[in-house]
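Reviewing the structure listed below.
Read-outs: derived from the displayed coordinates by stated rules, not from any lab. All of these numbers come straight from a predicted model, not from anything done at the bench. Glycine also receives a Cβ, built like all others from the backbone with ideal geometry; neighbour counts cover every protein chain displayed.
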Amino acid sequence: MQTYLVGGAVRDELLGLPVKERDWVVVGARPEELERAGYRRVGREFPVFLHPTTQEEYALARTERKTGPGYRGFDTRFSPDVTLEEDLRRRDLTINAMARDAGGALVDPYGGARDLAARRLRHVSEAFAEDPVRILRVARFAARYAPLGFEVAPETLALMKRMVASGEAAALVAERVWAETAKALAEPAPEHFLATLRDCGALAVVYPELDRLYGVPQPARWHPEIDTGIHVGLVLKAAAALSPLARVRFAALVHDLGKGTTPPAEWPKHVGHEERGVTLIQALAARLKVPNEFRELAELVARHHGVAHRARELRATTVLDLLERCDALRRPERFAEFLLACEADLRGRTGFESDPYPQGALLRAAHAAALGATLEAAERAGLDGAAIGERLRQRRLEAVKRAIAPRAATASPQDP
């Protein structure tokens with residue numbers, strides 16, 4: 001029995017990055033041998049064991065044979081005669097198909113170290129085409145490593161395009177699409193996830209609502225980049241710079257979905273795109289089983305980002321209305337995330353990437369003022385619930401008026 005450190009731990013160590021978790025492959029062993037040694041079996045489809053002390057995962061070396069469509073259509077074989085090279089060959093990218101033996105020597109049968117040096121994401125073998133999830137994984141690795149200069153190898157991108165053309169990408173199930181998307185949104189450069197999926201044609205399959213934004217024009221006065229799809233990529237990039245939260249980045253990604261359903265005769269204006277976008281977000285969330293916290297924030301941003309952009313032009317009553325519609329008084333943390341996504345929308349335009357967002361400062365001041373407005377017990381005496389609520393709202397309105405009084409008189413950027 002031989003054990004090898006494999007996959008991401010080897011890759012990240014060679015890149016000089018922190019190793020977050022370590023996975024192992026066991027060659028020349030049977031399940032019962034590991035169980036006798038105290039390992040606990042946790043794998044259902046194939047044997048994976050937890051080390052009795054470290055709790056790290058040890059998997060028996062295995063091979064896979066395609067038997068049907070999608071990522072579930074595989075027959076997995078494990079036995080003591082499966083070699084390490086055979087196990088590594090079934091992996092997606094060469095940079096993930098390296099190992100270290102017990103003495104620390106690198107085992108690299110498919111050129112992973114060479115591709116690391118070349119900053120190249122390249123598939124190990126044609127077996128890559130058997131699993132459509134690998135399209136999403138490559139896009140996710142692009143989002144992770146693009147800041148280091150990595151690019152998808154031309155031959156791998158060509159293979160991904162063939163997979164999409166053959167219908168293999170259509171076999172992706174909702175749970176895996178969302179799982180990979182959520183991970184990609186948390187990566188350093190999530191806009192490369194979007195770009196990679198579009199480059200290979202998979203965006204139209206898994207996110208048609210996003211794909212149809214490309215080629216849809218916006219008013220050049222507010223959007224020098226013109227194209228709505230390009231704008232969304234820039235907004236996602238800006239959101240990643242502003243917040244590490246995947247839900248903020250998701251809200252930024254889908255905030256303009258409604259523009260994809262504007263009749264071409266109305267271009268470049270997009271009257272009513274906010275509510276159309278909310279409907280599309282709800283359908284997308286239902287299809288992919290998006291968590292409620294992601295969906296709810298995305299709906300708020302889609303529906304109210306235009307109002308937030310006009311904050312310096314609004315009366316105090318309208319500002320308080322916005323706070324109430326966003327449930328900001330009960331959920332202040334979510335309102336803070338809403339403002340970050342709105343700021344990303346403003347910065348996600350060519351030439352505006354570093355612009356300040358004074359609307360955010362104004363709305364934060366108004367929010368703090370409204371939160372601080374209270375009624376003393378004496379002021380509540382003799383009033384029923386409705387009357388108390390009305391008086392409290394009036395108190396909040398007065399506080400908001402004072403908070404926004406010194407706002408600048410200049411017009412704010414808008415998002416038509």
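Couple of notes before you dig in:
- Note on the chain: dipole from Cβ charges, positive end direction compared against Leu363, Pro406, Thr83; the farthest Cα belongs to Pro406.
- Prolate/oblate/rounded call for region 1-116, Cα gyration tensor, a/c under 1.5 rounded: oblate
- For region 186-302, alpha-carbon Rg relative to the globular expectation (2.2 N^0.38 Å, N residues): 1.00
- Positive-end residue, region 119-197 charge dipole about Cα centroid, Cβ charges, pick of Val164, Val177, Ala153: Ala153
- Order of Phe49, Phe78 - criterion: other Cβ atoms within 10 Å of each residue's Cβ, fewest first: Phe78, Phe49
- Kirkwood hydrodynamic radius of region 242-299, from inverse mean 1/r over distinct Cα pairs, in Å: 11.9
- Charges were assigned to the Cβ only: +1 to each Lys and Arg, -1 to each Asp and Glu. The resulting dipole of the chain about its Cα centre is roughly 760 debye.
- Cα centre as origin, Lys/Arg/Asp/Glu Cβ charges: region 275-416 dipole, Debye: 120
- Label point 7 Å beyond Cα of Tyr214 along Cβ direction - residues of region 245-279 with amide nitrogen under 16 Å: 260
- Long-range amide H partners of Glu225 with built H, under 5 Å: Thr350
- Cα long-axis angle, helix 332-347 against the chain (0 to 90 degrees, to the nearest 10): 80
- Long-range amide H partners of Arg120 with built H, under 5 Å: Glu151
- Each helix, a run of at least 4 DSSP H residues, gives -39500 (n - 2.57); summed and divided by the residues of the chain, these come to -14500 deg cm²/dmol at 222 nm.
- A DSSP coil position with no more than 15 other Cβ atoms inside 10 Å describes the following trypsin sites (Lys or Arg not before Pro) in region 1-35: Lys20.
- Calculated P(r) of region 18-60 - Cα pairs past 18 Å, %: 19
- When Leu320, Leu371 are arranged by Cβ crowding within 10 Å, least crowded first, meaning fewest neighbours, the order is Leu371, Leu320.
- Over region 119-197, all Cα pairs binned in 10 Å intervals from 0 give whole-percent P(r) values of 20, 53, 26, 1, listed from short to long.
- Alpha-carbon Rg with Dmax, taken over region 69-209, Å: 15.3, 51
- Translational diffusion of the chain, estimated by Stokes-Einstein from the Kirkwood radius over alpha carbon pairs at 25 °C in a medium of 0.890 mPa s, is 101 µm² per second.
- Annotation: lysines with alpha-carbon distance below 23 angstrom to Lys161 (same-chain offsets under eight excluded): Lys66, Lys183.
- Using θ = phi - 60° in the Karplus curve 6.51 cos²θ - 1.76 cosθ + 1.60, the 3J(HN,Hα) couplings for region 288-294 round to 9, 6, 5, x, 4, 5, 6 Hz; x is entered for Gly and Pro.
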